[in-house]
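Here is the structure we will look at, set down as structure tokens.
The values are calculated or read from the model by the stated rules, or taken from the named source; none is laboratory data. Nothing here was measured: the structure is a model prediction, and the numbers come from that model. Counting neighbours? That spans all protein chains shown, and the Cβs are built from the backbone with ideal geometry, glycine included.
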Amino acid sequence: MGIAAIKRVGTQWLLVATLLAVVRPAYAIPAFARKYGLPCSACHEGWPMLNNFGQTFKDNGYQLGNDRDAPIYQQPAYWPVMFRTTPNWHRESNDRVAVDKVPGQASSGLVETTISPSGFDLSGLDIITAGTLYNNISFFVQPFIGASGGTSIAQTWVRLDNLFGSRWLNVKMGKFELDEMISQERILTLSSTGAAYYNYFFTPPGDSNIFRGIGIPQLGVEVSGHSDNDYTRYSVSVLSSNDGQTGLPAGNSYDVYTNFAQAFEIPRLGLQRVGVYGYFGQSATFFQTTGGQPIPGTGMGNRGFYRAGAYGQWYLGKFDFQTFYMHGYDNVFLGNAVPANQQSQLPAGAAGPTWNGGFVEAHYTYNPRLIGIGRYELIRMSREANPSIRGSAGNLDTWTIGYRWYPIMSPRAGLAWVQEYSRIVNAGTAPISGKDDISNSFLMGLDFDF
Amino acid sequence: MRSRISFAMIFVFLLLGQSSLGQESHVGTLVGNAKKGKALYQRYCIFCHGADGDGRGDSAPYLDPKPRDFTKATFKCRSTPSGSLPLDSDLYDTITRGVHASGMPSWKPLTRQERVDLVAYIKGFSPRFQEEKPAAAVVIPAEPPTSPESVKRGAELFQSMNCWLCHGKEGRGNGPSASSLTDSKGNPITPFDLSSGTRFKCGDSDQGLFRDLTTGLDGTPMPSFSDALKPDQIWDVVHYIHTLRASNKSQRSQAQAEPKAE
């Protein structure tokens, strides 16, 4: 196996590891349902995915505007906290895992085989407290406990809402999910391979960009606004180029993310929405060092990258479709993992990698308690960073199908029975044969929040 | 024989159910479909207003004021005279605007068609909508300019018409009768604090306030003053009520702008 292949496989595993690390169960917030007496279905198409009413509520700073928003109207004992977790049974299958021919004997050589573990398991645990500190001041705190015990601060922010009495001016500061109408945080699927929008996290094989994707909450400040029915929305965020990591690990650059969406009504079909977005950033390619060891916070040799595209949300009776397109670019130094002060290390013919990707996700809402889900997603490299890398390296295709049934949907809590199957094909990443690497995931479980 | 009666009852029940789903609503050029409205009702409304529209949803015990009982076809916010059914546009406006100082939010994020569909379905909960026609909307004459004299006359009317008995002498909702008031279902009800600076229940415009004084808020102790007062006098009361709110102007300015009916 050549160096390029090793790098390619390493990158693919890094992608999977990244996804496993960053993809948490998305959330709904029964604390709000308890506060207002509304059911989950008022704000969620099927929780956790927001409908336009829920999106408006969120954009209003978690306020309905009916004089019951400020904490002073609540019982003193009311504490807007919720948790969400998913006890489940799942089976994972990877058909191209390199194993020793004789288990335990490294000298026996490697062969590819299929590994299919299965069993009962737990998702991580989301704890969320969110609401209003005062009229027009909202907040969100989300610690996360991983299934193996690790903890992190997934999000923490405060938002000044409706500044100068205008919905068009809101300012949020902290660590927050980027303003995505098709939200990674509210994805409906949970299985290992189906719980992420891969486009949101993608970086090409061999790429050293510290930025891992628009699906990860980032640190910064966001200015946003919207019309009273949320049909027109905008947001602009200025973010530290640290991939949402606290402590300023790279430390000296800023990124910009912007989103604009417009919804419109079509007679007999309902609300439709289109939007455009873009993330434009810089990433360090090397650091100051002491004795050769990088010093955190001294990122240097920043080089640019961007992710940009468009999306749509389309309603056709009981069906709705989400369509998403992304074009990505990383600078040649990022794409080849070469420090910008060592240009000679760039391979001949090196170029900044570019790619295109997208997905179509369909939902069939039989009623508020039963929703079917299907998604197809793909990524296609259009230019590799290194000409020696096979042209399709990095390409992937995923399919996910499933349903969520909500036997309990009340203003107090929610419970969903979930079944889904997901499949991902990573082009040419089998560790020995270089064939396509295919993983399958099946999950069924009880997804609940309170 | 018993089974025949049972079948007949089931048939009648199904017929009634179907008839409610055949109900239409008309707002502007939009025609509401009750069948589509039912799906929306189950998603957004059922937990407060109940599966049967009787205001006894799961959340109802915890809400104050209580959710509207659609089976009575008695609605606070109307443009029609007291006792009359509301116009479809009245129900549409209420859904769009919400009812301030209650658990009912603005549903403006729903599409216009969805809100009209909801109106069609809600009308199916009461046979009155099939048996009666709503009266014509009350006429709201042009508003005369506010003046100290108008405010003074309004203050006198506020006293002489006994508004203060419920709303209090300073409009704070703490009049001597306030603690004993109940709505048409016997639930305790609190008079509106006119000095609170917040929006009124059925809209915040002067025309809306004039309309409320003219039509009354059916199902509450707030009567119609259309027989007792002339239009100019009602405008005087509107102008006086504004002076009660002025004391809390800063709080009013902090409140979010009212979602406008369309």
B:Thr190 more than 23 Å from A:Arg68 (Cβ to Cβ), of a type in the set (Val, Ile, Thr) and part of a loop (DSSP other than H, G, I, E, B): no
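State whether one or more residues within region B:76-97 are within 8 Å of chain A (Cβ to nearest Cβ), assigned to a loop (DSSP other than H, G, I, E, B), basic (Lys, Arg) and in contact (Cβ under 8 Å) with a residue 24 or more places away in the chain.
The answer is no, given that none of the residues of region B:76-97 is within 8 Å of chain A (Cβ to nearest Cβ), assigned to a loop (DSSP other than H, G, I, E, B), basic (Lys, Arg) and in contact (Cβ under 8 Å) with a residue 24 or more places away in the chain.
Can you tell me how many residues within region A:263-284 are away from chain B (no Cβ under 14 Å), touching a residue at least 40 places away in the same chain (Cβ under 8 Å) and closer than 20 Å to A:Ile182 by Cβ? It would help to see each step written out before you state the result.
Quick first cut of region A:263-284, residues away from chain B (no Cβ under 14 Å) only: A:274-284.
From the residues that got through so far, the ones that are touching a residue at least 40 places away in the same chain (Cβ under 8 Å) too are A:275, A:277, A:279, A:281-284.
Among the residues that remain, those that are also closer than 20 Å to A:Ile182 by Cβ are: A:275, A:277, A:279.
Within region A:263-284, residues that are away from chain B (no Cβ under 14 Å), touching a residue at least 40 places away in the same chain (Cβ under 8 Å) and closer than 20 Å to A:Ile182 by Cβ number 3.
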message: If I ask for residues that are under 30 Å from A:Leu188 (Cα atoms) and outside any strand (DSSP E or B), which ones from region A:84-115 would you list?
response: A:Thr86
statement: Per the filter on region A:45-72, residues within 10 Å of chain B (Cβ to nearest Cβ) and without any contact (Cβ under 8 Å) to a residue 60 or more places away in the chain are A:Asn51, A:Phe53, A:Gly54, A:Phe57, A:Leu64, A:Gly65, A:Asn66, A:Asp67, A:Arg68
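Quick check: anything in region A:65-82 under 30 Å from A:Gly312 (Cα atoms), more than 26 Å from the chain's Cα centre (by Cα) and surrounded by 15 or more Cβ atoms within 10 Å (Cβ to Cβ)? Quick ask: steps written out before the conclusion?
At the first step, the residues of region A:65-82 found to be under 30 Å from A:Gly312 (Cα atoms) are A:65.
In the following step, the residues that additionally are more than 26 Å from the chain's Cα centre (by Cα) were identified as A:65.
Now drop any that are not surrounded by 15 or more Cβ atoms within 10 Å (Cβ to Cβ), which leaves A:65.
Yes, because at least one residue in region A:65-82 is under 30 Å from A:Gly312 (Cα atoms), more than 26 Å from the chain's Cα centre (by Cα) and surrounded by 15 or more Cβ atoms within 10 Å (Cβ to Cβ).
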- request: For region A:333-355, indicate whether the set of residues that are surrounded by fewer than 17 Cβ atoms within 10 Å (Cβ to Cβ), assigned to a strand (DSSP E or B) and not hydroxyl-bearing (Ser, Thr, Tyr) is non-empty.
  value: no
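A quick yes/no check of all residues on (1) closer than 18 Å to B:Arg245 by Cβ; (2) of a type outside the set (D, E, K, R):
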residue	(1), (2)
B:Val139	no, yes
B:Glu143	yes, no
B:Pro148	yes, yes
B:Lys152	yes, no
B:Ser160	no, yes
B:His167	yes, yes
B:Glu170	yes, no
B:Gly175	yes, yes
B:Ser179	no, yes
field: Tabulated pairs, region A:305-322, first over 30 Å from A:Ser208 (Cα atoms), second small (Gly, Ala, Ser) and surrounded by 15 or more Cβ atoms within 10 Å (Cβ to Cβ), C-beta under 6 angstrom, 6+ apart or interchain
entry: A:Tyr315/A:Gly270; A:Phe321/A:Ala362
task: Report, by residue number, each residue of region B:93-107 that is modelled with pLDDT under 95 and among the polar types (S, T, N, Q).
output: B:Ser102, B:Ser106
message: Please go through (1) in a loop (DSSP other than H, G, I, E, B); (2) farther than 25 Å from B:Thr74 by Cβ; (3) within 14 Å of chain A (Cβ to nearest Cβ); (4) not acidic (Asp, Glu) for B:Pro176 and return the number of the only condition it doesn't satisfy.
response: (3)
field: Filter result (more than 14 Å from every other protein chain (Cβ to nearest Cβ) and under 22 Å from B:Pro105 (Cβ atoms)) within region B:193-221
entry: B:Ser205, B:Gly208, B:Leu209, B:Arg211, B:Asp212, B:Leu217, B:Asp218, B:Gly219, B:Thr220
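Say we look at region B:98-141 and pick out the residues that are more than 9 Å from chain A (Cβ to nearest Cβ), assigned to a loop (DSSP other than H, G, I, E, B) and among the hydrophobic types (A, V, I, L, M, F, W, C); which of these is nearest to B:Gly50 (Cα to Cα)? Reasoning before the result, please.
Within region B:98-141, the subset more than 9 Å from chain A (Cβ to nearest Cβ) is B:115-141.
Filter again for assigned to a loop (DSSP other than H, G, I, E, B), leaving B:124-127, B:132-141.
Retained after the next criterion (residues that are among the hydrophobic types (A, V, I, L, M, F, W, C)): B:125, B:135-140.
Working: B:Phe125: 11, B:Ala135: 28, B:Ala136: 30, B:Ala137: 29, B:Val138: 31, B:Val139: 34, B:Ile140: 35 Å.
Once the filter is applied, the top-ranked residue is B:Phe125.
Which ones in region A:27-44 are within 8 Å of chain B (Cβ to nearest Cβ) and either acidic (Asp, Glu) or part of a helix (DSSP H, G or I) (or both)?
Narrowing region A:27-44 to residues within 8 Å of chain B (Cβ to nearest Cβ): A:36-39, A:41-42.
Correct list: A:Tyr36, A:Ser41, A:Ala42.
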message: Give me the residue from region A:396-450 that is aromatic (Phe, Trp, Tyr) and assigned to a strand (DSSP E or B) and, out of that set, nearest to the chain's Cα centre (by Cα).
response: A:Trp399
- prompt: Looking only at region A:310-363, which residues are among the small types (Gly, Ala, Ser), within 30 Å of A:Thr232 (Cα to Cα), out of contact with any helix residue (DSSP H, G or I) (no Cβ under 7 Å at 6 or more places or on another chain) and at pLDDT 95 or above?
  reply: A:Ala310, A:Gly312, A:Gly328, A:Ala362
Odd one out for A:Gln288, checked against (1) in a loop (DSSP other than H, G, I, E, B); (2) out of contact with any Phe, Trp or Tyr (no Cβ under 8 Å at 6 or more places or on another chain): (1)
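Within region A:245-262, count every residue that is of a type in the set (A, V, I, L, M, F, W, C) and more than 23 Å from A:His327 (Cα to Cα). If you could, list the steps in order and put the result at the bottom.
Going through region A:245-262, the residues of a type in the set (A, V, I, L, M, F, W, C) turn out to be A:248, A:250, A:256, A:260-261.
Cutting the leftovers down to more than 23 Å from A:His327 (Cα to Cα) gives us A:248, A:250.
Residues in region A:245-262 being of a type in the set (A, V, I, L, M, F, W, C) and more than 23 Å from A:His327 (Cα to Cα): 2 in total.
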- line: Per the filter on region A:366-395, residues within 14 Å of chain B (Cβ to nearest Cβ) and within 23 Å of the chain's Cα centre (by Cα) are A:Ile371
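May I ask you to list the residues in region B:47-64 that are more than 9 Å from chain A (Cβ to nearest Cβ), assigned to a loop (DSSP other than H, G, I, E, B) and buried (at least 19 other Cβ atoms within 10 Å of the Cβ)?
Restricting attention to region B:47-64, the residues satisfying the condition of being more than 9 Å from chain A (Cβ to nearest Cβ) are B:49-56, B:61, B:64.
Imposing the further condition that a residue be assigned to a loop (DSSP other than H, G, I, E, B) reduces the set to B:50-56, B:64.
B:Gly50, B:Gly53, B:Gly55, listed by residue number.
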- prompt: For region A:358-394, what are the residues that are crowded, with 20+ Cβ neighbours inside 10 Å and more than 30 Å from B:Gly37 (Cβ to Cβ)?
  reply: A:Phe359, A:Arg375, A:Glu377, A:Ile379, A:Met381, A:Glu384, A:Ala385, A:Asn386, A:Ile389, A:Ala393, A:Gly394
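In the set A:Phe287, A:Phe260, which member is in contact with a Pro (Cβ under 8 Å, 6 or more places away or on another chain), surrounded by 14 or more Cβ atoms within 10 Å (Cβ to Cβ), of a type outside the set (Asp, Glu) and more than 14 Å from chain B (Cβ to nearest Cβ)? It would help to see each step written out before you state the result.
On the way: A:Phe260 fails: in contact with a Pro (Cβ under 8 Å, 6 or more places away or on another chain).
A:Phe287 is the lone residue from the list that is in contact with a Pro (Cβ under 8 Å, 6 or more places away or on another chain), surrounded by 14 or more Cβ atoms within 10 Å (Cβ to Cβ), of a type outside the set (Asp, Glu) and more than 14 Å from chain B (Cβ to nearest Cβ).
Taking the conditions exactly as written (among the charged types (D, E, K, R), farther than 29 Å from A:Arg383 by Cα and free of Cβ contacts under 8 Å to residues at least 40 places away in the same chain), does A:Glu222 satisfy them or not? Spell out the reasoning first.
On the way: among the charged types (D, E, K, R): yes; farther than 29 Å from A:Arg383 by Cα: yes; free of Cβ contacts under 8 Å to residues at least 40 places away in the same chain: no.
No, not satisfied.
With the structure loaded, tell me whether B:Ala155 is part of a helix (DSSP H, G or I), assigned by TED's automatic domain parsing to the domain that holds B:Pro223 and not aromatic (Phe, Trp, Tyr) or whether it fails that test. Steps first, please.
Details: part of a helix (DSSP H, G or I): yes; assigned by TED's automatic domain parsing to the domain that holds B:Pro223: yes; not aromatic (Phe, Trp, Tyr): yes.
Considered against the rule, which asks whether it is part of a helix (DSSP H, G or I), assigned by TED's automatic domain parsing to the domain that holds B:Pro223 and not aromatic (Phe, Trp, Tyr), B:Ala155 comes out as yes.
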